[in-house]
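Note sheet for the following structure.
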Amino acid sequence: METTDLPVLEPGDVLVKVTAALLCGTDVRIYTGRKTKNVTLPSVLGHETAGTVVDGNGPLPDGIALGQQIALYPLVPCGACVACRKNHPNICRNREAFGYQLTGGLSQYIRVPARARANLIPLGDVPPQHAAIVEPLACALNGQNLAKVKGADAVLVSGCGPLGLMHIRLAKAQGVPTVIAVEPNLARHRIALDSGADHVFAPAPETARQILELTDGGIDVVIMAVGRNDALTPYLGILAPGARISAFAGFNAGDVLSIVANDIHYNEYEVVGASSCRLENFQTVAPLVSSGALKVADLIGTQLPLERVYDAFDLVASGKDLRVGIDPWA
């Protein structure tokens with residue numbers, strides 16, 4: 001824990017007072033050294049951040065005023081690399097990000113540089129943690145768009161941690177008639193059902209067969225909401241023709257997914273990744289949270305003061321809570 005001076009604002013910069021910072025598995029993987037890609041150490045973590053605009057050097061961005069609550073889109077793409085040129089700015093080869101290279105939400109103030117002014121997304125009068133949860137919701141929406149969830153008849157969400165629960169809610173919001181969840185922690189089955197899941201199963205030898213019986217020909221989209229092979233392999237035999245497999249969660253370095261090549265070939269399966277989110281995903285999700293159309297209050301878990309950040313990391317790693325966060329002013 002360090003005490004520093006307030007950031008000095010260059011022309012066009014904006015100063016944000018952090019009001020909530022939520023933590024995810026990626027933060028734990030950075031903290032424990034299991035994730036190094038795109039991270040420049042030393043770094044102040046926290047990429048799921050909400051705050052209040054308190055100062056600016058020059059005019060503020062359109063739609064932003066002093067005192068405005070915002071969610072902070074974390075990525076700052078370069079706009080020139082091959083990924084940006086091919087309309088994949090979220091996997092920019094030269095990107096910076098709040099919580100990776102730029103100071104993240106585990107601090108009381110963040111300087112938003114002029115090149116990231118568009119990253120300030122206004123939110124209405126909702127609790128700060130609701131504003132901060134826009135980021136993982138936007139990541140879920142990005143993954144669902146890539147896997148073409150909208151229009152699917154049956155979606156399987158494998159893993160009902162906080163992001164799995166978000167996937168359930170978004171899939172139902174996109175009109176999917178049958179959303180099935182698999183989760184080993186029986187305590188999470190009730191909230192998965194409350195999130196909109198039509199059926200919830202614990203992993204077992206007969207689970208795949210039971211799921212298949214609930215669908216018209218199999219699963220159209222399976223979303224791996226936890227970074228483990230067993231989130232997918234038991235269900236490869238119940239995929240519908242043309243099914244999509246979303247490797248959504250982050251995995252440990254070196255993890256390998258095994259799928260029989262001819263199964264992909266003859267069934268025209270698609271395997272898609274999903275890395276972070278796009279600015280337009282943020283802009284889509286924020287009004288849904290502001291208006292209450294997307295319920296998030298029951299996804300917010302324990303909130304701790306900044307000096308207990310290590311306890312917060314341990315709580316996230318335990319998988320026993322929902323979206324754990326930090327209040328830097330508590």
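Quick notes
- All other residues whose Cβ lies under 10 angstrom from that of residue 15 are scored, Lys and Arg at +1 and Asp and Glu at -1, for a net of 0.
- Along the range 167-179 the Karplus relation, 6.51 cos²θ - 1.76 cosθ + 1.60 evaluated at θ = phi - 60°, assigns HN-Hα couplings of 4, 4, 5, 5, 4, 5, 5, 8, x, 5, x, 10, 10 Hz to successive residues, with x for each Gly and Pro.
- Cα-based reach from residue 172 at 20 Å (exclusive), listing lysines while leaving out same-chain residues under 8 positions away: 148, 150, 295
- Cut-off 19 Å (backbone N to label point 7 Å along Cα→Cβ of residue 263), residues of the range 189-221: 203-221
- Between the range 186-212 and the range 138-154, the Cα center-to-center distance that results, in Å: 19
- Among beta bridges from DSSP that stay inside the chain, the antiparallel ones total about 50%.
- Filtered GluC sites (Glu not before Pro), the range 265-324: DSSP coil and at most 10 other beta carbons within 10 Å: 268
- Of the trypsin sites (Lys or Arg not before Pro) in the range 10-81, the ones in a loop by DSSP (not H, G, I, E or B) with at most 16 other beta carbons within 10 Å are 34, 37.
- A Cβ-based charge dipole, computed about the Cα centre of the range 116-197 with Lys and Arg at +1 and Asp and Glu at -1, lands at about 120 debye.
- Rounded if a/c under 1.5, otherwise prolate or oblate - the chain, Cα gyration tensor axes: prolate
- CD proxy at 222 nm, helix term only [per DSSP H run n ≥ 4: -39500 (n - 2.57); per residue of the chain; nearest 500]: -7000 deg cm²/dmol
A short reminder: the numbers here are calculations on the coordinates, not readings from a lab. None of the values given here were measured: they were computed from a predicted structure. Cβ atoms come from the backbone with ideal geometry, glycine included; neighbour counts cover every protein chain shown.
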